[in-house]
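Here the structure comes first, spelled out in C-alpha cells, and everything after it is commentary.
The values are calculated or read from the model by the stated rules, or taken from the named source; none is laboratory data. Treat the numbers as computed from the prediction; the structure is a model and nothing was measured. Cβ placement follows ideal geometry from the backbone for every residue including glycine, while neighbour counts extend to all protein chains displayed. Accessible surface areas use protein heavy atoms only, side chains included; no ligands, DNA or RNA. Shrake-Rupley method; radii C 1.70, N 1.55, O 1.52, S 1.80 Å.
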Amino acid sequence: MKQVFSSFKILVILLIIGCTPESQPAKEVPVVKQPNVLFLIADDWSYPHAGIYGDPVVRTPTFDRIATEGALFQNAYTAAPSCSPSRAAILTGRFPHQLESAGNLWSVFPKKFANWVIILGENGYFTGKTRKGWGPGDFKAGGYTDNPAGKDFASFEEFFAQKPAGAPFSFWFGSTDPHRDYVPNTGIQTGMSLDDVIVPAFLPDLPCVRNDILDYYFEVERFDRESGRILKMLEEAGELDNTIVVMTSDNGMPFPRAKANLYEYGAHMPLAMRFPSKIAEGTVVTEFTNAVDFAPTFVEAAGLDASMFTTGSSLWPLLAGTDSKDRSRGFSERERHANVRAGDLSYPSRSVRTEQYLYIKNFMPDRWPAGDPTTHQSVGQYGDVDNSITKYLIMAMEGKAAEANPDYFSLTFAKRQPEELYDIKKDPFQLHNLALDPEYRSTISSLQADLQQWMESTGDLRATDPQTIYWDTVLYTPNYQFHDFDLAEGIDGYAIAPPFTKEEIPCLDE
C-alpha cells in the first residue's frame, strides 16, 4: 500500500509539471496577431503622378517604397470621381448608387451600411483618423457620432500614444493635399522645372498651366512626406511589418476634365499596398480593382466575416494569384458633385473601362457637364471644375475654337454626347469620341451590355429608370452662397478672373 501511494504521488507530481513518464514537454501555441491597418488617402491625386509610375517631376519616395516592398497597382479605379461618394464607397465596399444619399457630395451618410472601420472597432481594434475622413457632408444626420472614418485625433502620434498595449489598430490618414487652393509658385520654388512638366493633352500647354501643375505636385510631395513620417514611426515601434499599408487617392487631380469626370485623370487612381507576410516585394497588379474592394480586404485580414460585403471583392486572392473574379472590366459613376446647376441637378453618368476602351453613358446630356455657365449656388461658373488659373485660361478660350487644337473650351465645358467611347491605347487623353463612328458599333454594343449588366446586378436605379431624379432631390447640406467669378480683362492676352493677379502669378509675365 505504501508503494502504491508513493507511485501515485509521483504521478501527481508529473501531471502538475505537465508531463507523464512517456510524454515530451508541451509546445507553446503561437499567438496569431491581427494585422494593423494604415490607410493613407490623398485628396485629389491622379494616376500616374508618382515617381514609380514614371512621372519625371514629382518626387514620391514613400509611395515608391510601399510599391517596391509590396504591390503596385496599374489599374486601380475610384468608385466615383468626387470626394464624399468615393470615400463612402471605400468605407462600405458598395458603389455610391447603392448608398442612397451618400451617392452625392455634401449630403447625408446613412449609418445602416456596414463600415469596415466600425466593424474593426467592434472587434478589438483601436480606430481613429486625422484630418479629412468621410466628407464633406453631414454624418450625424445619418446616425454617426464620430466621422465614419473614425474618431478624430490631432495626429498619428497622438493616436498611437493612446492605443492600448497589444491592441491592433486601424488608422485613416486623410490628407487635404493636393486639394485646392494652392499657394502660387510653391512648386517652382522647390526646384521643380516648368520645362519638365508633362501637360495632359486636354489642357493647354501654357506656362501658367505648367506652373499650376507644379503647385499640385508640391502638395502631392507634401502628402508623401507626411505619410513617410507615419511609416517611420511604425518602423521604429516594430509595428510596420504587421501593418497593412495602403496609399491611394479618392479621386483625380483638381483640374479641368479630371476631378468630377469619368475620364482617366478623374477616375484612375494611384495605389500601392505593403504587407510583407502576404504581399511579395515587387508585385505588379495589372487587373482592374476598385475602391469598393478595400472594405472586404481589411475585414478579411482581421480574421472576421466579410460576407456582408457583396459588391467589393477582397484583394487577397488577387495578390495570392488565386483570384476567380473577372477583373477584366472596371466601373465608375457620378451623380451630383457640387451644387452647380439650377434646380440642384445632378450630372448622372456611368462608365466601363477595359484594357483598350473607355465607354461612358451620360444619362442627362442636355445638362451642363461642368455645371451651369452662371453660378447656381456654389463654387462659381462651371462649378464642378475647381477654381484655378488653368480653369480661367480655358474659360477665356470660349469662341476661339479656330485658334486652339484641340478645342479646350468645348472639351471642358460644352455639353456632351449621350455616349462616349475612347480608344485608350490610341487616345490616352480621351480627345476623340468614337461613339458615332460606324466602325465601333460592335464595340459599343458589347460595352453597353457590360454596363447594363453591372448596373442591374448592383441595384442601380438607373438600370430600370435611366431618367430618375432621385439624386437631384437628395439634400444638399451647405447653407452658404458663392458669387460669380466674372471674367476680367487679362494680362498678355489671357483672360483671368479674381483673385489671380500678375503679382500672384509671375508666370503671366512670360
Any idea how many residues of segment 311-345 are touching a residue at least 60 places away in the same chain (Cβ under 8 Å) and within 23 Å of residue 88 (Cα to Cα)? 15
How many residues are within 13 Å of the chain's Cα centre (by Cα) and assigned to a loop (DSSP other than H, G, I, E, B) if we restrict to segment 30-47? 5
Just one listed residue, out of 95, 63, is within 25 Å of residue 308 (Cα to Cα) and of a type in the set (Phe, Trp, Tyr), and it is 95
For residues that are more than 17 Å from residue 123 (Cα to Cα) and in contact with a Leu (Cβ under 9 Å, 6 or more places away or on another chain), scanning just segment 140-171, find the one that is modelled with the lowest pLDDT. 141
By residue number, the members of segment 92-125 that are over 17 Å from the mean Cα position of the chain (by Cα), β-branched (Val, Ile, Thr) and within 19 Å of residue 141 (Cβ to Cβ) are 108, 118
Filter result for residue 451 (farther than 20 Å from residue 337 by Cβ and buried (at least 19 other Cβ atoms within 10 Å of the Cβ)): yes
More than 24 Å from the chain's Cα centre (by Cα) and open to solvent by less than 10 Å² (accessible area, probe 1.4 Å): is that true of residue 164 in this structure? no
Go through segment 234-252 residue by residue and tally those that are hydrophobic (A, V, I, L, M, F, W, C) and in a strand (DSSP E or B). 4
Extreme residue, farthest from residue 224 (Cα to Cα), among residues of segment 57-70 that are aliphatic (A, V, I, L, M) and buried (at least 24 other Cβ atoms within 10 Å of the Cβ): 67
What number goes with the only condition from (1) of a type in the set (Phe, Trp, Tyr); (2) surrounded by fewer than 24 Cβ atoms within 10 Å (Cβ to Cβ); (3) farther than 30 Å from residue 280 by Cα that residue 109 does not pass? (2)
So, in segment 330-363, how many residues would count as being within 20 Å of residue 250 (Cα to Cα) and of a type in the set (D, E, K, R)? 6
Residue list for segment 352-396, filter: of a type in the set (S, T, N, Q) and within 29 Å of residue 210 (Cβ to Cβ): 375, 378, 381, 387, 388, 390
Let me confirm something: among 186, 130, which residue is over 19 Å from the mean Cα position of the chain (by Cα), among the hydroxyl-bearing types (Ser, Thr, Tyr) and under 21 Å from residue 222 (Cα atoms)? 186
So which pairs qualify, if the first residue must be in segment 431-455 and farther than 17 Å from residue 328 by Cβ and touching a residue at least 24 places away in the same chain (Cβ under 8 Å), the second must be part of a helix (DSSP H, G or I) and among the hydrophobic types (A, V, I, L, M, F, W, C), the Cβ gap must be under 6 Å, and the two must be at least 6 apart or on different chains? 455/463
Condition check: touching a strand residue (DSSP E or B) at 6+ places or on another chain (Cβ under 8 Å), of a type outside the set (D, E, K, R) and crowded, with 18+ Cβ neighbours inside 10 Å. Does residue 128 satisfy that? yes
In segment 395-419, anything in contact with an Asp or Glu (Cβ under 9 Å, 6 or more places away or on another chain) and either open to solvent by 80 Å² or more (accessible area, probe 1.4 Å) or acidic (Asp, Glu) (or both) is listed as 400, 415
Determine the pairs where a residue that is free of Cβ contacts under 8 Å to residues at least 40 places away in the same chain and more than 16 Å from residue 176 (Cα to Cα), located within segment 223-244, has a partner that is part of a helix (DSSP H, G or I) and open to solvent by less than 60 Å² (accessible area, probe 1.4 Å) with Cβ atoms under 6 Å apart, the partner being 6 or more residues away or on another chain. 240/234
If you go through segment 207-221, how many residues are open to solvent by 30 Å² or more (accessible area, probe 1.4 Å) and more than 30 Å from residue 240 (Cβ to Cβ)? 2
Selected residue (criterion: surrounded by the fewest Cβ atoms within 10 Å (Cβ to Cβ)) from residues of segment 356-368 that are in contact (Cβ under 8 Å) with a residue 60 or more places away in the chain and either assigned to a loop (DSSP other than H, G, I, E, B) or among the aliphatic types (A, V, I, L, M) (or both): 356
